[in-house]
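One structure below.
The values are calculated or read from the model by the stated rules, or taken from the named source; none is laboratory data. These figures come from a predicted structure and were not determined experimentally. Heads up, the Cβs are rebuilt from the backbone with ideal geometry, glycines too, and the neighbour counts pull from every protein chain shown. For the accessible areas, the whole protein counts, side chains as well, though only heavy atoms, and no ligand, DNA or RNA atoms are used. Shrake-Rupley method; radii C 1.70, N 1.55, O 1.52, S 1.80 Å.
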Amino acid sequence: MEIRRLGRPGDLGWVVQVHGELYAEEFGWDTTFEALVAQIVADWAVAHDPEREAAWIAEDDEGRVGCVFCVREDDETARLRILLVVPRTRGQALGARLVDECLEFARAVGYCRTVLWTNHPLAAARKIYLDAGFELVAEEPHHSYGHDLVSQTYARDL
């Protein structure tokens, strides 16, 4: 399994497509979630700062199997975004490796803290975040993607 920087043709589209398909299949979320991911990816693609922001793709012999983005929240805070591991490679600690890649990068470029936003049904991701030292700092009920959800914000110092 290889983790590389995002940047090959098709990487951006894959991130959007796989998020849309998997979250619809696994959680019944509608296309407004895919639109959110598309906006995150588009914003990163046209305006990211390569010195302080990065994204990674995990691949195996069959192709892309995971991703994570590290984006600037403010001068001291990085935001971990759109972590995903496809089902056939789950259980191999790939999610933890992607999170570690993001945290190592954030620390190396001078951020002091990392935050992330998720939703309560994402239990496997939550375990990865807690194991990586993140702590829950806020929760808020909302209706998004066709469902009643509870958003969760996590943070950790670097």
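The HN-Hα couplings worked out from phi for segment 133-149 by the Karplus form 6.51 cos²θ - 1.76 cosθ + 1.60 (θ = phi - 60°) are x, 6, 10, 5, 10, 6, 9, 7, x, 7, 10, 8, 6, x, 9, 7, 10 Hz, whole numbers, x standing for Gly and Pro.
Taking only C-alpha pairs under 8 Å that are 6+ residues apart, what is the relative contact order of segment 96-151 in percent?
On the way: 32 pairs, mean separation 19.2, N = 56.
Once normalised by length, the contact order is 34 percent.
Projecting label points 7 angstrom from Cα along Cα→Cβ for residue 92 and residue 153 puts them 3.5 nm apart. Cβ-Cβ distance of residue 46 and residue 74, R₀ of 22 Å, FRET efficiency by 1/(1 + (r/R0)^6): the value works out to about 0.65. Per residue, the Cα convex hull of the chain amounts to 107 Å³. Segment 99-135 and segment 1-75 have Cα centres separated by 15 Å. Length available on full extension from residue 117 to residue 131: 0.36 nm per residue minus the Cα-Cα distance, which gives 3.4 nm. Solvent-accessible surface of the chain, averaged per residue with a 1.4 angstrom probe and all protein chains in place: 51 square angstrom. Over the chain, what percent of the accessible surface lies on carbon and sulfur atoms, probe 1.4 Å? Answer for the chain: carbon and sulfur cover 48 percent of the accessible area.
Among the DSSP helices (H) of the chain, those spanning at least 18 angstrom by Cα along their long axis with an average Kyte-Doolittle hydropathy of 0.0 or more are 11-27, 31-47, 94-108; this is a geometric and hydropathy rule only. Rounded, prolate or oblate: which fits segment 85-135, taking a ≥ b ≥ c as square roots of the Cα gyration tensor eigenvalues, rounded meaning a/c under 1.5, else prolate when a/b beats b/c? Note, shape of segment 85-135 comes out oblate.
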